[in-house]
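Undergrad: Below is one structure. I have some questions about it.
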Amino acid sequence: MLHLTYYHQAGVVTITSHSWVVGRYSLLLNPPEATLSDRNQELIATYSAIRRSATRVINLLRRYPYEQKFYYEMRNRSPRSIWNVAARLLYLNRTCWNGLYRVNGKGEFNTPFGRYTNPTICDSNRLRKSARLLRRAQLVVGDFDEISSKAVAGDFVYFDPPYITGHQNNGFLKYNAPLFSWEDQERLARLAIQLAHSGVHILVSNADQPSVVRLYKGFNYYRATRPSLIGGKKESRGVITEALLSSYPLLDCPSEVI
């Protein structure tokens, strides 16, 4: 099987029909139009704020210091305006431990402070570029099933779910179970297959585990590699593999059909 190199923040998808992206928005999209959706209201609010005025978000971020005390004060805040919501989420993402988004049973962000040397809290160029791209997109808070059911033949749908597997020995389980369960994983696979049979082009990035891959009967299976910093122990980090599951041949590369 061919091993592809795949970076979450560097992928590019260019299409001529409508694009639907459901999940963490790890692909940088450049289609004529797109729908981006997630159940995380703070994430959608952040993208909305950046789209409306990246400058306002940038001005807030530039005032935030990289200090442990300030970090925990910010983590405990519950801002109301979308500008403050966006600045808080971006600040926590840039300064928390290994950039890990983790919540407790109440849905509250609880990743501890990360120790870095001069982290980039505000990347103004990237935020302004993101604002331009987001102006082409419709932003929606909702479940993937409801949102993706509107896709029609010829559309492209990319799913990027949390990496929940069918076994309990999974580091992502304790981080993502409140947000995305194994039942959701099965439901996503059923929807992906249903949409593919309707003529929708489907791409899913997921955990490279047999229990997950087996769910996508008839899909093309590619194994991608990427660097990972997530892991409590240094030896658990490094290069990891992910499964790319597509309803169509990907980049004319050979693959295994499930």
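Undergrad: If the requirement is being among the polar types (S, T, N, Q) and assigned to a loop (DSSP other than H, G, I, E, B), which of these qualifies: SER37, SER78, SER48? Steps first, answer last, please.
TA: Working: SER37 fails: assigned to a loop (DSSP other than H, G, I, E, B); SER48 fails: assigned to a loop (DSSP other than H, G, I, E, B).
Answer to the check: SER78.
Undergrad: Residue under question is ALA87, and the condition is that it be surrounded by 19 or more Cβ atoms within 10 Å (Cβ to Cβ), small (Gly, Ala, Ser), at pLDDT below 95 and on the phi < 0 side of the Ramachandran plot; does it hold? Before the answer, list the steps.
TA: Numbers: surrounded by 19 or more Cβ atoms within 10 Å (Cβ to Cβ): yes; small (Gly, Ala, Ser): yes; at pLDDT below 95: no; on the phi < 0 side of the Ramachandran plot: yes.
Taking the combined requirement at face value, the residue does not satisfy it.
Undergrad: Tell me yes or no: at least one residue of segment 217-234 is surrounded by 14 or more Cβ atoms within 10 Å (Cβ to Cβ), over 19 Å from the mean Cα position of the chain (by Cα), at pLDDT 90 or above and assigned to a loop (DSSP other than H, G, I, E, B).
TA: Checked against the condition, which is being surrounded by 14 or more Cβ atoms within 10 Å (Cβ to Cβ), over 19 Å from the mean Cα position of the chain (by Cα), at pLDDT 90 or above and assigned to a loop (DSSP other than H, G, I, E, B), segment 217-234 yields at least one hit.
Undergrad: Okay, next question. Scan (1) at pLDDT below 95; (2) out of contact with any Leu (no Cβ under 8 Å at 6 or more places or on another chain); (3) acidic (Asp, Glu) for the single condition GLU67 breaks and write down its number.
TA: Just one mismatch for GLU67, condition (1).
Undergrad: Would you please name the residue that is surrounded by the most Cβ atoms within 10 Å (Cβ to Cβ), looking only at residues in segment 121-159 that are over 22 Å from HIS201 (Cβ atoms) and among the hydroxyl-bearing types (Ser, Thr, Tyr)?
TA: Among those that are over 22 Å from HIS201 (Cβ atoms) and among the hydroxyl-bearing types (Ser, Thr, Tyr), it is SER130.
Undergrad: Quick one: in segment 235-254, of everything that is of a type in the set (Gly, Ala, Ser) and outside any loop (DSSP other than H, G, I, E, B), which residue is modelled with the highest pLDDT?
TA: Residue satisfying both the conditions and the ranking: SER246.
Undergrad: If you go through segment 225-232 one residue at a time, do you hit one that is among the hydrophobic types (A, V, I, L, M, F, W, C) and touching a strand residue (DSSP E or B) at 6+ places or on another chain (Cβ under 7 Å)? If you could, list the steps in order and put the result at the bottom.
TA: So the first thing to find is which residues in segment 225-232 are among the hydrophobic types (A, V, I, L, M, F, W, C), and the list is 229-230.
After this cut, where a residue has to be touching a strand residue (DSSP E or B) at 6+ places or on another chain (Cβ under 7 Å) as well, the list is none.
No, segment 225-232 contains no residue that is among the hydrophobic types (A, V, I, L, M, F, W, C) and touching a strand residue (DSSP E or B) at 6+ places or on another chain (Cβ under 7 Å).
Undergrad: Something else about it: Could you tell me which of the residues TYR64, TYR101, TYR71 is within 30 Å of TYR163 (Cα to Cα) and over 18 Å from the mean Cα position of the chain (by Cα)?
TA: Working: TYR64 fails: within 30 Å of TYR163 (Cα to Cα); TYR101 fails: over 18 Å from the mean Cα position of the chain (by Cα).
On inspection, the qualifying residue turns out to be TYR71.
The values are calculated or read from the model by the stated rules, or taken from the named source; none is laboratory data. These figures come from a predicted structure and were not determined experimentally. No Cβ is skipped: glycine too gets one built from the backbone with ideal geometry, and neighbour counts run over all protein chains shown.
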